[in-house]
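Structure incoming, see below.
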Amino acid sequence: MKLLHIITGLGSGGAEAVLWRLVANDRQSGNQHHAISLTDRGIYADRLEQLGVSVHTLNFPRGGLSVRGLAKLFKLIRQIRPDVVQTWMYHADLVGGTVARLAGVRAVAWGIRHANLDAEHNSSTTLHVVRLCSWLSGLVPRKIISCSAQATRSHQAAGYRAEKFVQISNGYSTQSFKPDAHGRAMVRAELGIAENAFVLGMVARFDAQKDHRNLMSALAQLKRRGLQFKCLLVGAGMDQANIALRSWIEEADIAGNIKLLGPRSDISAIMNALDVHALSSLGEAFPNVLAEAMACGTPCVTTDVGDAAVIVADCGWVVVPQDPDALADGMIKAHDSFVIGGVAWQARQAACRARIVANFELEQMCEKYRRVWQACIER
């Protein structure tokens, strides 16, 4: 098959990472992949090109359109002549899917990567696009691929055509994400953290859905209860330039416990450097960071958002969202389990990795995508 992926952008988000992993692992299938970013090259354009993927950018303004960009998109689709157009995220679903149909491509698959549609934590532009997509879901896509059960339910409730949904959980390379004592030691040495220190962390861009303020409030409780810990914050916006984040840290009086690392390319090593990964989100679909941490043998404390509880199962701790008391209690339970250590902690670490290997391996995801693409063509 000749496949064209149309995505809103190629930055450091979860959808972008899944696209890259999917293409990288699908190279042996004989499929030919092309990619179009509605905005810029981000961090994944170079990586995709290294895999032999042709990458085109349209430089649309964030949240907007341009006549020149739309014309270029139409022209590229006609030139590439894909068997299937796979779109990723709302704006790409709407714009990429619609233009693909106008350009004569009937086999279009939309990609849903979001679950929380409440008005308080989503922009009005995003919600308008969701409404437009719900109206067009009967006309534009042949299939709608959702990454989580919660995302499927929320979009069907919003009016998306229920019979078109296929759920494909994210998949991970358990050879790239695995226990790595050397990586752990290198990151801790770089940051001046002792091997026996208890280290929490959260890998997530700065975004309202991630609810970092919830995390800061919970960490303040840990400090008040006398726990000794360090917390690594990794991702876009997680640096000293983020005034709002710095004010929350100062308000919580935890500046000495926090290390702001910004974006990192060594996420597997970061996950190994942590003893526990915490996720404080108020909205997710299928949070990649939980599976990535667990594949490295790192237990997780997470809010009960999207399919987080499905990923973690009984290997970690699941708490209600937007409740710093509950998040703090979960992290304290994790800390106490870590301190006891021994065979029980080692068994928990092994169970984390075993769960990802058994249920969320990369090839499982790739095979499911291939089946959907073939079904789009054969309809």
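Collect the residues in the stretch 48-61 that are of a type in the set (S, T, N, Q) and either closer than 28 Å to GLY138 by Cβ or part of a helix (DSSP H, G or I) (or both), keeping them in residue-number order. Steps first, please.
Of the stretch 48-61, the ones of a type in the set (S, T, N, Q) are 50, 54, 57, 59.
If the condition is that a residue be of a type in the set (S, T, N, Q) and either closer than 28 Å to GLY138 by Cβ or part of a helix (DSSP H, G or I) (or both), then GLN50 is the only one that fits.
If you go through the stretch 346-357 one residue at a time, do you hit one that is touching a Gly at 6+ places or on another chain (Cβ under 6 Å), under 18 Å from VAL199 (Cα atoms) and modelled with pLDDT of 95 or more?
Taking the stretch 346-357 first, the residues touching a Gly at 6+ places or on another chain (Cβ under 6 Å) are 349, 352-353.
Restricting the remaining residues to those that are under 18 Å from VAL199 (Cα atoms) gives 349, 352.
This time we only want the ones that are modelled with pLDDT of 95 or more, so: 349, 352.
Checked the stretch 346-357: at least one residue is touching a Gly at 6+ places or on another chain (Cβ under 6 Å), under 18 Å from VAL199 (Cα atoms) and modelled with pLDDT of 95 or more.
Can you name the number of the only condition in (1) within 19 Å of ASP307 (Cβ to Cβ); (2) in contact with a helix residue (DSSP H, G or I) (Cβ under 7 Å, 6 or more places away or on another chain) that ALA107 fails?
(1)
Moving to a separate point now. Which of the numbered conditions does ASP93 fail, given that it passes all the others? Conditions: (1) among the acidic types (Asp, Glu); (2) under 20 Å from ALA24 (Cα atoms); (3) buried (at least 22 other Cβ atoms within 10 Å of the Cβ).
All conditions are met except number (2).
Sticking with this one: For the stretch 329-371, give me each residue that is charged (D, E, K, R) and assigned to a helix (DSSP H, G or I). So that I can check it myself, show each step before the final result.
Residues of the stretch 329-371 charged (D, E, K, R): 329, 333, 336, 348, 353, 355, 361, 363, 367-368, 370-371.
Hits for the stretch 329-371 are ASP329, LYS333, ASP336, ARG348, ARG353, ARG355, GLU363, GLU367, LYS368, ARG370, ARG371.
When only residues in the stretch 250-265 that are at pLDDT 95 or above and closer than 26 Å to ARG47 by Cβ count, which is surrounded by the fewest Cβ atoms within 10 Å (Cβ to Cβ)? Break it down stepwise before answering.
Just the residues of the stretch 250-265 that are at pLDDT 95 or above, to begin with: 250-262.
Filter once more, keeping what is closer than 26 Å to ARG47 by Cβ: 260-262.
Values: LEU260: 19, LEU261: 18, GLY262: 14.
Here the residue is GLY262.
Okay, next question. Could you list, in sequence order, all residues of the stretch 269-312 that are of a type in the set (Val, Ile, Thr), touching a strand residue (DSSP E or B) at 6+ places or on another chain (Cβ under 7 Å) and farther than 18 Å from LEU219 by Cβ?
Of the stretch 269-312, the ones of a type in the set (Val, Ile, Thr) are 270, 276, 289, 298, 301-303, 305, 310-312.
Narrowing further to those that are touching a strand residue (DSSP E or B) at 6+ places or on another chain (Cβ under 7 Å): 270, 276, 289, 298, 301-303, 312.
Result: VAL312, single match.
Can I ask one more? Just wondering, is there one or more residues in the stretch 32-52 that are in contact with a helix residue (DSSP H, G or I) (Cβ under 7 Å, 6 or more places away or on another chain), surrounded by 17 or more Cβ atoms within 10 Å (Cβ to Cβ) and without any contact (Cβ under 8 Å) to a residue 24 or more places away in the chain?
Checked against the condition, which is being in contact with a helix residue (DSSP H, G or I) (Cβ under 7 Å, 6 or more places away or on another chain), surrounded by 17 or more Cβ atoms within 10 Å (Cβ to Cβ) and without any contact (Cβ under 8 Å) to a residue 24 or more places away in the chain, the stretch 32-52 yields no hits at all.
Within the stretch 62-90, which residues are touching a Gly at 6+ places or on another chain (Cβ under 9 Å) and not in a strand (DSSP E or B)? Can you show your working first?
So the first thing to find is which residues in the stretch 62-90 are touching a Gly at 6+ places or on another chain (Cβ under 9 Å), and the list is 62, 73, 77-78, 81, 85-89.
Selection gives ARG62, LEU73, ILE77, ARG78, ARG81, MET89.
Does TRP20 satisfy being touching a Lys or Arg at 6+ places or on another chain (Cβ under 9 Å), within 25 Å of SER176 (Cα to Cα), touching a residue at least 60 places away in the same chain (Cβ under 8 Å) and of a type outside the set (S, T, N, Q)? Don't jump to the end; show me each part of the working.
Details: touching a Lys or Arg at 6+ places or on another chain (Cβ under 9 Å): yes; within 25 Å of SER176 (Cα to Cα): yes; touching a residue at least 60 places away in the same chain (Cβ under 8 Å): no; of a type outside the set (S, T, N, Q): yes.
Answer is no for this residue.
Say we look at the stretch 126-161 and pick out the residues that are touching a helix residue (DSSP H, G or I) at 6+ places or on another chain (Cβ under 9 Å) and among the hydroxyl-bearing types (Ser, Thr, Tyr); which of these is nearest to VAL108 (Cα to Cα)?
SER137
Applying the selection to the stretch 160-215, what residues are of a type in the set (A, V, I, L, M) and crowded, with 20+ Cβ neighbours inside 10 Å?
ILE168, VAL187, VAL199, LEU200, MET202, VAL203, ALA204, LEU215
The values are calculated or read from the model by the stated rules, or taken from the named source; none is laboratory data. Computed from a predicted structure; not experimentally measured. Backbone-built Cβ (ideal geometry, glycine too); neighbour counts: all protein chains shown.
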